[in-house]
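Shown next, in structure tokens, is the structure this report addresses.
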Amino acid sequence: LLTYVTESLMVTDELNILDFSMLLLNEGGILTMNEDFIAPTEGAHAQYSVDLQVMDVPIFCQQAVRMLSNTVDFMTTEPIDHGVENMIVKIGESKSDSQKFDSWWNYHRNDDHKVKERKAKTVNACDNSQGIMAVLEAEDVSLTIESMHDVHDTITKSLQKIGLTVLSSSFEKKTLIINLKEGYIMARIWLEHKYFAFDIILWSRRDTLVATKAELVNAVGAKSASSYNIVIGGMRGVEAVEVATYPPAETNSDSASCASGIPSEIAFEPGDLDAILEEMTALAQSTDPVTVVFCPEMGKSCRSLKVLQDKGSSEEEQVSPIWACASGDSMHREVACENATLDVMKSAVSQGIKISGIVIDPETPRKMGHVLKNVLSTTKTQKHILAQQYIVLAPEVDDSSKLTWRRALLEWFRTDVAIINPDNHAEVLFNCASCSENLRMSTFSAGDEDFYSHLVEVIEQCERKISGLTTTINSVQGGKHGYMADFDPPIVADESSYDRSAADDQWKSQNPLGMQSVTQFETKIPQPPVYVNEIVLGNFDVHPLTGKWFPATVKSITKNGTFDILYEGAEDLGLQKGIPRSQIRKWEIVDDLSGSEAVLAKRRDGTWYMGKVLEIMPDNELKVHLYNGEGLVEILPLEDMMQRYEKPEKVPPSEVSCPLLKEMLQKGVSLASVSDPISGEIHMDVHDGAGDGCVATAFWSEGDAVATWDGGHHIDLNIFTFEENMEMHKKFSEDFIGTTSSFAMVSKNWQPRGFGRVVNFKDEMKDYYSYYLKEQSSLD
């Protein structure tokens with residue numbers, strides 16, 4: 001699924017597919033997903049995340065792979081060999097030869113991440129319309145029968161055995177339907193192929209689904225079976241549902257004694273700070289290091305300079321100080337400061353050896369960050385002064401996560417100086433158990449292909465050197481991926497790279513026997529009216545999930561119900577005629593938004609983009625993932641947002657009834673045939689007694705259909721035909737729902753039914769069978 005699809009499809013009011021998938025992970029579990037945008041600047045969905053970029057895999061659009069986990073820190077945890085062949089990334093036999101970092105792009109650790117929970121709620125019987133359909137294929141059955149009565153009795157007993165309540169049943173030749181208080185079971189039988197095709201529909205007692213599958217497979221004596229589930233509507237009035245909070249709240253009886261609430265007053269020992277800085281300079285990976293240290297004003301202590309000068313073990317190690325210029329706002333003084341800084345950096349460069357390290361002492365004033373940025377503002381100066389592989393270190397005592405000028409400066413190195421990978425901006429936090437402060441080491445590295453492994457090695461050395469030291473790598477953000485003109489992949493995969501024998505056997509074993517479609521309809525929700533001269537948002541770049549919107553004024557309403565709108569402040573758009581209501585959003589002032597809510601968000605140019613709320617921030621601001629092609633994550637004020645979907649008008653009462661449902665099904669059957677009318681006798685019936693709605697069935701010689709109305713605003717239509725005729729299924733659905741104007745289709749599933757682990761229709765096999773046989777013969 002596309003990134004914005006996983007964020008937009010909601011499982012509950014609060015949780016989308018990705019949120020809920022994270023809840024399903026076991027301890028130590030990970031989730032991998034495609035990331036279709038340029039990777040966001042932080043991991044928003046899990047405590048630990050890694051963006052992978054494997055150059056040997058073809059790239060479509062802007063697509064990477066992201067690993068997520070709430071329990072596995074990918075930085076410190078070694079991969080486990082699960083016995084799966086790895087063609088590109090090898091695990092390695094030991095930590096020293098591990099290749100786990102080879103494809104890493106970005107790493108994020110989000111200690112503030114809170115696992116979203118499914119909130120407890122009660123769904124009363126009148127509003128409960130939740131159902132599930134299991135498509136079950138039972139193959140190589142051993143059941144012997146004399147008549148359909150034998151099948152009916154066998155299956156009925158198996159259903160009653162697990163506590164399901166049989167209300168009625170009917171059958172026609174090879175098809176049997178058993179109506180339950182909890183749903184219905186449809187069985188289509190081909191004894192000549194030893195095959196039973198089951199539809200299991202449950203709108204209550206859904207917890208018995210697994211047991212129901214097992215009992216049916218056992219009842220017919222199937223040696224093999226396969227199944228998949230489809231979420232459908234249910235039946236109102238059957239049962240209330242209690243949804244528990246998930247994950248359950250954890251209790252910790254020792255929590256009161258875990259922390260005293262009194263912060264320690266002990267700071268890092270100066271010697272510890274010195275040792276950390278000394279070890280971190282090893283990231284330069286240079287045999288002849290040349291380092292410049294930005295210090296406070298002359299005469300003040302510059303501890304970083306002293307550490308590096310004392311560290312020097314050979315004449316090749318060169319350390320040069322750059323003292324902060326005197327305070328003042330004079331333009332002349334600023335230019336003189338920049339020139340002096342440039343002179344020191346140039347003088348450090350000699351005999352082809354360039355600067356491999358820049359250290360910014362914690363006491364260095366902010367203005368020197370501006371000086372450094374201005375000095376390195378041209379590509380010519382960067383190439384003249386900086387080595388191909390260099391580092392920038394900016395240590396600071398830190399007890400917060402707020403962005404400082406030092407971190408902003410290093411981010412500038414990543415985005416505007418080095419730009420192309422390998423360049424990495426890492427944020428590392430050092431802490432001792434008894435310290436009241438953290439030491440944050442903002443680190444930038446350019447040109448180091450093995451930066452991740454070097455960073456881990458240096459941190460491990462720091463922890464060995466300083467007793468009680470703990471280290472947290474909060475993030476590593478990589479640069480852009482450069483174009484590789486003569487890229488020579490180590491592996492070029494083709495048909496021979498994979499064992500296709502099992503897939504080919506499955507392909508050849510398929511025997512499709514019919515076509516099934518499951519169509520779901522719901523009551524149309526009327527949109528609120530739009531009036532002439534009303535200010536609205538117009539959808540000028542139409543896309544269901546990534547469209548763009550802009551303010552407009554409604555100028556007129558046409559006879560056919562479309563609108564002529566004038567875009568305000570967008571001369572290239574101007575007056576647009578014949579705009580449908582679906583492309584107009586009424587202007588609404590939003591007082592409040594919830595997390596995970598779909599929104600329209602305004603950017604600086606006045607354009608509104610679709611997006612998703614990730615987090616509620618202080619001061620009426622929200623963190624939003626924008627679907628603008630880049631997938632940016634921005635913090636925007638509430639006043640620049642509104643809900644993606646308008647508040648619906650009151651849903652009118654349903655005009656459907658059980659007699660009308662039967663009439664709708666009769667119309668679908670009688671008018672569905674594209675060429676010749678359906679031949680033979682049609683047997684129709686209506687079954688009720690299981691809730692507020694009913695089930696209508698139709699059997700004829702070429703197939704069957706089951707329509708379920710939930711007693712409210714949802715209808716399911718389940719059609720099966722022996723002939724694979726998609727047009728007939730479409731026409732059947734259209735004629736069926738055409739009886740009422742208040743319902744519209746909301747989803748449709750197509751699937752073949754047959755034995756041999758069937759997944760393809762006959763037409764698909766006819767078109768591609770010769771191709772696969774040809775390919776197979778060439779491999780043999």
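The values are calculated or read from the model by the stated rules, or taken from the named source; none is laboratory data. Every value quoted in this text rests on a predicted model; they were computed, and no experiment measured them. Virtual Cβ from ideal backbone geometry, glycine too; neighbours counted across all protein chains shown. Areas reflect the complete protein model, heavy atoms only, side chains present, ligands, DNA and RNA absent. Shrake-Rupley method; radii C 1.70, N 1.55, O 1.52, S 1.80 Å.
Within the range 265-320, the only residue that satisfies the criterion of being at pLDDT 90 or above, acidic (Asp, Glu) and within 23 Å of THR341 (Cα to Cα) is GLU297. For the range 85-115, the set of residues classified as open to solvent by 40 Å² or more (accessible area, probe 1.4 Å), among the polar types (S, T, N, Q) and modelled with pLDDT of 65 or more consists of ASN86, GLN99, listed by residue number. Taken over the range 506-531, the residue count meeting the criterion of being open to solvent by less than 90 Å² (accessible area, probe 1.4 Å) and either farther than 30 Å from LEU661 by Cα or basic (Lys, Arg) (or both) is 8. Of the residues making up the range 701-716, not one is open to solvent by 10 Å² or more (accessible area, probe 1.4 Å), over 24 Å from PRO653 (Cβ atoms) and not in a loop (DSSP other than H, G, I, E, B).
Does the range 133-150 contain any residue that is open to solvent by 70 Å² or more (accessible area, probe 1.4 Å), over 30 Å from ILE616 (Cα atoms) and part of a helix (DSSP H, G or I)? Yes, the conditions are met somewhere in the range 133-150. Considering only residues that are of a type in the set (Gly, Ala, Ser) and open to solvent by 10 Å² or more (accessible area, probe 1.4 Å), which ones fall in the range 182-222? Scanning the range 182-222 gives ALA211, ALA214, ALA219, GLY221, ALA222.
Scan the range 598-610 for residues that are surrounded by fewer than 18 Cβ atoms within 10 Å (Cβ to Cβ) and touching a Gly at 6+ places or on another chain (Cβ under 7 Å) and jot them down. GLY606, the sole residue that qualifies. Inside the range 482-505, can you point out the residues that are open to solvent by 70 Å² or more (accessible area, probe 1.4 Å), in contact (Cβ under 8 Å) with a residue 12 or more places away in the chain and under 29 Å from the mean Cα position of the chain (by Cα)? Selection gives MET484 alone.
Only one of the numbered conditions (1) outside any strand (DSSP E or B); (2) in contact (Cβ under 8 Å) with a residue 60 or more places away in the chain; (3) open to solvent by less than 30 Å² (accessible area, probe 1.4 Å) is not met by GLY595, and that is (3).
GLN516 meets each of the listed conditions (1) under 30 Å from PHE196 (Cβ atoms); (2) out of contact with any Lys or Arg (no Cβ under 8 Å at 6 or more places or on another chain); (3) in a strand (DSSP E or B) apart from (2).
Among the residues of the range 625-638, what is the count of those that are at negative phi and touching a residue at least 40 places away in the same chain (Cβ under 8 Å)?
Of the range 625-638, the ones at negative phi are 625-628, 630, 632-638.
Of the ones still in play, those that are also touching a residue at least 40 places away in the same chain (Cβ under 8 Å) are 625, 627-628, 630, 632-633, 638.
Qualifying residue count, the range 625-638: 7.
Quick one: which residue in ASP767, ASP735, ASP692 is in contact with a Gly (Cβ under 7 Å, 6 or more places away or on another chain), over 30 Å from GLU239 (Cβ atoms), at pLDDT below 95 and not aliphatic (A, V, I, L, M)?
Working: ASP767 fails: in contact with a Gly (Cβ under 7 Å, 6 or more places away or on another chain); ASP692 fails: over 30 Å from GLU239 (Cβ atoms).
Going through ASP767, ASP735, ASP692 in turn, the sole match is ASP735.
Name every residue in the range 555-577 that is among the charged types (D, E, K, R) and modelled with pLDDT under 90, in order of residue number.
First pass over the range 555-577, keeping only residues among the charged types (D, E, K, R): 555, 559, 564, 568, 571-572, 577.
Those that are among the charged types (D, E, K, R) and modelled with pLDDT under 90: GLU568, GLU571, ASP572.
Testing LYS174 on (1) open to solvent by less than 10 Å² (accessible area, probe 1.4 Å); (2) at pLDDT below 95; (3) among the charged types (D, E, K, R), one condition comes back false. Which one is that? LYS174 satisfies every listed condition except (1). Within the range 383-394, being in a helix (DSSP H, G or I) and either among the β-branched types (Val, Ile, Thr) or surrounded by 16 or more Cβ atoms within 10 Å (Cβ to Cβ) (or both) holds for one residue alone: ILE385.
Selection over the range 709-766 of residues that are touching a Ser or Thr at 6+ places or on another chain (Cβ under 7 Å) and on the phi > 0 side of the Ramachandran plot gives a count of 2. Looking at this structure, is GLN461 of a type outside the set (A, V, I, L, M, F, W, C), open to solvent by 60 Å² or more (accessible area, probe 1.4 Å) and more than 30 Å from VAL758 (Cβ to Cβ)? Here the answer is yes, as GLN461 does meet what is asked. Among the residues of the range 599-624, those that are β-branched (Val, Ile, Thr) and without any contact (Cβ under 8 Å) to a residue 40 or more places away in the chain comprise VAL613, ILE616, VAL624.
Let's see how each residue does on (1) assigned to a loop (DSSP other than H, G, I, E, B); (2) more than 41 Å from the chain's Cα centre (by Cα); (3) surrounded by fewer than 16 Cβ atoms within 10 Å (Cβ to Cβ); (4) hydrophobic (A, V, I, L, M, F, W, C):
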| site | (1), (2), (3), (4) |
| --- | --- |
| VAL319 | no, yes, no, yes |
| ARG333 | no, yes, yes, no |
| THR341 | no, yes, no, no |
| VAL359 | no, no, no, yes |
| VAL371 | no, yes, no, yes |
| SER377 | yes, no, yes, no |
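Listed conditions (1) part of a strand (DSSP E or B); (2) open to solvent by less than 40 Å² (accessible area, probe 1.4 Å) are all met by LYS577, apart from (2).
Are any residues in the range 717-757 open to solvent by less than 60 Å² (accessible area, probe 1.4 Å) and hydroxyl-bearing (Ser, Thr, Tyr), and if so, which ones?
Going through the range 717-757, the residues open to solvent by less than 60 Å² (accessible area, probe 1.4 Å) turn out to be 717-721, 724-725, 728-729, 732-733, 735-740, 742-744, 747-749, 751-756.
Correct list: THR721, SER733, THR739, THR740, SER742, SER747.
Restricting attention to the range 673-689, and to residues there that are among the acidic types (Asp, Glu) and open to solvent by 90 Å² or more (accessible area, probe 1.4 Å), which single residue is modelled with the lowest pLDDT?
Residues of the range 673-689 that are among the acidic types (Asp, Glu), as a first pass: 676, 681, 685, 688.
From what's left, open to solvent by 90 Å² or more (accessible area, probe 1.4 Å): 676, 681, 688.
Details: ASP676: 46, GLU681: 78, ASP688: 87.
Residue satisfying both the conditions and the ranking: ASP676.
The set of residues in the range 535-572 that are surrounded by fewer than 16 Cβ atoms within 10 Å (Cβ to Cβ) and assigned to a loop (DSSP other than H, G, I, E, B) comprises VAL542, HIS543, PRO544, LEU545, THR558, LYS559, ASN560, GLY561, GLU568, GLY569, GLU571, ASP572.
Can you name the residue in the range 627-671 that is β-branched (Val, Ile, Thr) and under 23 Å from the mean Cα position of the chain (by Cα) and is also nearest to VAL590 (Cα to Cα) among such residues? Before you say what the answer is, go through the steps one by one.
Residues of the range 627-671 β-branched (Val, Ile, Thr): 633, 635, 651, 656, 669.
Restricting the remaining residues to those that are under 23 Å from the mean Cα position of the chain (by Cα) gives 633, 635.
Numbers: VAL633: 20, ILE635: 16 Å.
Result: ILE635.
Taking residues in the range 66-80 that are in contact (Cβ under 8 Å) with a residue 12 or more places away in the chain and acidic (Asp, Glu), and partners anywhere that are surrounded by fewer than 19 Cβ atoms within 10 Å (Cβ to Cβ) and not in a strand (DSSP E or B), the pairs with Cβ atoms closer than 7 Å and at least 6 places apart or on different chains are GLU78/LYS95; GLU78/SER98. The requirement of being in a loop (DSSP other than H, G, I, E, B) and under 30 Å from PRO544 (Cβ atoms) is satisfied by GLU724.
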